[in-house]
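What follows is a single structure, written as structure tokens, with notes after it.
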Amino acid sequence: MRLTQLHILTFLLLCLTLPVIAQKKDTTVQGKLTRVVAIGGESTGWAIQFDSETTIDGKKLHSIEIDYSPPKELLALENKVVKASGKITHVEGVETGDRTVLKVSSIKQVNGGA
């Protein structure tokens, strides 16, 4: 009986921790950095628009919202082509629902970018 409970507990812990482990991998994207707004202010204020549809975290996206601190540093890169790396996160909004957001650890302009 105890062995069965231990197996069930181990299985549940794996189910809960595997998604977290999977999100620890860095993701790198490239595209045009733009300002964004959303209903009720449910936005980080910035997104990277891709040249073509891109699959991230199993979703086909034309852009990805980014979270970067301090956001004022992004003003110099606005409307430029950038390469950004970071972790994929999900943010739940009252009006917007689940959003895929890249928590940026590094961002830089790509040479030849507009």
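Annotations for the structure displayed:
- In this simple spin-label model, placing a label point 7 Å from the Cα along the Cα-to-Cβ direction at both SER69 and GLN30 gives a separation of 2.9 nm.
- 10 °C / 1.306 mPa s Stokes-Einstein diffusion coefficient of segment 26-109, Kirkwood radius on C-alpha pairs, µm²/s: 124
- When each of LYS25/LYS80; LYS59/LYS80; LYS72/LYS103; LYS60/LYS108 is checked by Cα-Cα distance, pairs over 20 Å: LYS25/LYS80; LYS59/LYS80; LYS60/LYS108
- Taking each residue as 0.36 nm, the span from SER105 to THR54 lengthens on full extension beyond its C-alpha to C-alpha distance by 16.3 nm.
No value in this document is a laboratory result; all are computed from the given coordinates. This structure is a prediction, so every number in the text was calculated from the model and none was measured. Because the Cβ atoms are built from the backbone with ideal geometry, glycine has one as well, and the counts that use them run over all protein chains shown.
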